Amino acid sequence: MRRVALVSLVTIAACAAQDRPAPQASAPQNAEEATQADRCGATRFIGLIGTPADQIDRASLPAGARVLTPDMMVTADFRGDRLNIIVGSDGKVGSLRCF
């Protein structure tokens with residue numbers, strides 16, 4: 001009887017181990033991690049750096065992308081997949097970040 005119970009437990013444990021999902025890479029927790037992982041596709045738009053902000057074709061940007069100027073108020077929510085185009089006080093794109 002004990003042997004049957006032991007075999008049953010081993011079988012159940014083996015099945016349970018197979019049903020676990022594969023471990024996922026951890027999601028970025030902040031803008032620095034998301035930008036390093038290029039979660040928002042910023043590298044595709046690297047050519048915008050140095051471009052005057054008023055010359056950016058916003059239709060070519062991904063949905064949800066933001067062009068952020070120095071005097072602009074923005075939400076503080078974190079979305080690692082959102083492209084943020086940071087404009088300097090000179091009116092030109094200074095950097096691209098994911099947040």
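The values are calculated or read from the model by the stated rules, or taken from the named source; none is laboratory data. Quick caveat, the model's predicted, so the values are computed rather than measured. Here the Cβ is made from the backbone with ideal geometry for all residues, glycine too, and neighbour counts use every protein chain on show. Please note that ligands, DNA and RNA were not included when accessible areas were found on the heavy atoms of the full protein model with its side chains. Shrake-Rupley method; radii C 1.70, N 1.55, O 1.52, S 1.80 Å.
Across region 60-93, the number of residues qualifying as small (Gly, Ala, Ser) and open to solvent by less than 50 Å² (accessible area, probe 1.4 Å) comes to 5. Residues in region 38-59 that are surrounded by 10 or more Cβ atoms within 10 Å (Cβ to Cβ), in a loop (DSSP other than H, G, I, E, B) and of a type outside the set (Lys, Arg): 38, 40, 41, 49, 50, 51, 56.
There is at least one residue in region 90-97 that is touching a residue at least 24 places away in the same chain (Cβ under 8 Å), among the basic types (Lys, Arg) and farther than 25 Å from residue 26 by Cα.
What residue, among those in region 62-75 that are in a loop (DSSP other than H, G, I, E, B) and more than 15 Å from the chain's Cα centre (by Cα), is nearest to residue 48 (Cα to Cα)? Among those that are in a loop (DSSP other than H, G, I, E, B) and more than 15 Å from the chain's Cα centre (by Cα), it is 69.
Cβ-Cβ contacts under 6 Å between residues 6 or more apart (or on different chains), taken from a first residue in region 72-87 that is within 11 Å of residue 31 (Cβ to Cβ) to a second residue that is open to solvent by 70 Å² or more (accessible area, probe 1.4 Å) and assigned to a loop (DSSP other than H, G, I, E, B), are listed as 80/39.
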